[in-house]
Amino acid sequence: MSRIIVITSGKGGVGKTTTSAALSMGLAQRGHRTVVIDFDVGLRNLDLIMGCERRVVYDFVNVINHEANLNQALIRDKRCDNLYVLPASQTRDKEALTKEGVGRVLDELSQSYDFIVCDSPAGIEHGATMAMYYADDAVVVTNPEVSSVRDSDRMLGILSSKSRRAETNAEPIREHLLLTRYDVPRVESGEMLSVKDVQDILSLDLLGIIPESKAVLTASNAGVPVILDRESDAGQAYADAVSRYLGEEVPHRFMTAEKKGFFNRLFRG
Amino acid sequence: MGLLDYFRNSRPDGTANVAKERLQILVAHDRAARNRPSYLPQLQREILDVIRKYVDVDMSAVSVNYEQEEAHEVLEFNIILPDAIRHAT
């Protein structure tokens, strides 16, 4: 049984594509056959983050329109045999994604993959609703910032009313929160919403906290999913999130600052 | 330094609290609006039209409250009639 995971947020620039690349690579490295699909038709970027931009021949829209078959469009990752990328079209508009077409492609993929990761475009328009419609699980990527939290809440409303699972009265989509760009020093000085603040508002299962990290930009510069940078805090945080998604109990890290010296601890209680 | 820091940080005067309070209000409001049936605004307009046939009230005199509880929904209309009506009858 394959599971369809949508990576969504409402707001743009919060880390959906970074997360899609990291989670899909993480799942594939654990031995699960995984495909990651870019739903951002017209503004494709997943190929760039995955480092396969020069190998794109056919895309998702070509497959939907029967101009290519899936095997022609899927790009096998060079670092992990279990991982495939289905890029978005750069030249069409989002209306090219039809509910029937997307459903057919996902159906075909679910025959041979364990996980289908859907990288949603920002917004709540057609592309985003197509990405989440068939989902079994949702990872809501949120920054500790007012507009991102509000948009995430709106997206939760859409997940629970406009998805296939909602329309067919099936078991609801499993929703997880992934808090990204978390800046511990700023949280501790009261400048930034804390995990608890965001949880109090959204009350979702917490899949992980990804710390604000230089490693994310470094990884995207090179086209390497950040989870492959095992030395980095963000890479480790994504690896933890993958473990939690797969049902392992992993304590949350990166919620507090580095261990302090004895005197600091003494005075700060 | 540590001691000074301690006193400085014991009362964080950051803006995260403000953000949280604003969000809590906003999200509660958004959710209430989201769960309302889509026919509500039109229902409100039509009821107002009927009332206006008999009494001169304006839009702001009618408030609609929709609440969802576990097994049932409550649709509450509150119409404030102008003072003159009571004297007339």
With a Förster distance of 56 angstrom and the Cβ-Cβ distance between residue B:42 and residue A:246, calculated FRET efficiency to the nearest 0.05 equals 0.70
Just need the relative contact order of region A:1-68 here, percent rounded to a whole number, with Cα pairs under 8 Å and 6+ apart. 22 percent
Could you order the peptides A:179-189, B:33-43 from most to least packed, using the average number of other C-beta atoms within 10 Å per residue? A:179-189, B:33-43
Antiparallel content of DSSP bridges confined to the protein assembly as shown, in %, to 5: 25 percent
Through the Karplus equation 6.51 cos²θ - 1.76 cosθ + 1.60, θ set to phi - 60°, convert the phi angles of region A:5-13 into ³J(HN,Hα) values in whole Hz; use x for Gly and Pro. 10, 9, 9, 9, 6, x, 6, x, x
According to a simple spin-label model (label point 7 Å from Cα along Cα-to-Cβ), what is the distance in nm between residue A:169 and residue B:62? 3.2 nm
For peptides A:64-72, A:100-108, sequence by mean Cβ density within 10 Å, most packed first: A:100-108, A:64-72
Taking the Cβ-Cβ separation of residue B:33 and residue B:54 as r and a Förster radius of 25 Å, what is the calculated FRET efficiency to the nearest 0.05? 0.25
Taking square-rooted eigenvalues a ≥ b ≥ c of the alpha carbon gyration tensor, is region A:133-269 rounded, prolate or oblate, where a/c under 1.5 means rounded and, failing that, a/b exceeding b/c means prolate? prolate
If amide H atoms are built 1.01 Å from N in the plane of the peptide, which residues on other chains or at least 5 residues away come under 5 Å of the amide H of residue A:138? A:6, A:174, A:175, A:176
Folded to 0 to 90 degrees: helix A:99-112 orientation relative to chain A principal axis, Cα: 80 degrees
Chain A, relative contact order [Cα under 8 Å, separation at least 6], %: 24 percent
Between helix A:233-245 and chain A, what is the angle of the helix's C-alpha long axis to the longest principal axis, kept within 0 to 90° and rounded to the nearest 10? 60 degrees
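Rule-based calculations on the coordinates, nothing more; no lab input. Keep in mind that this is a model prediction, so the values were computed, not measured. With ideal geometry, Cβ positions are generated from the backbone for all residues, glycine too; neighbour counts draw on all protein chains shown.
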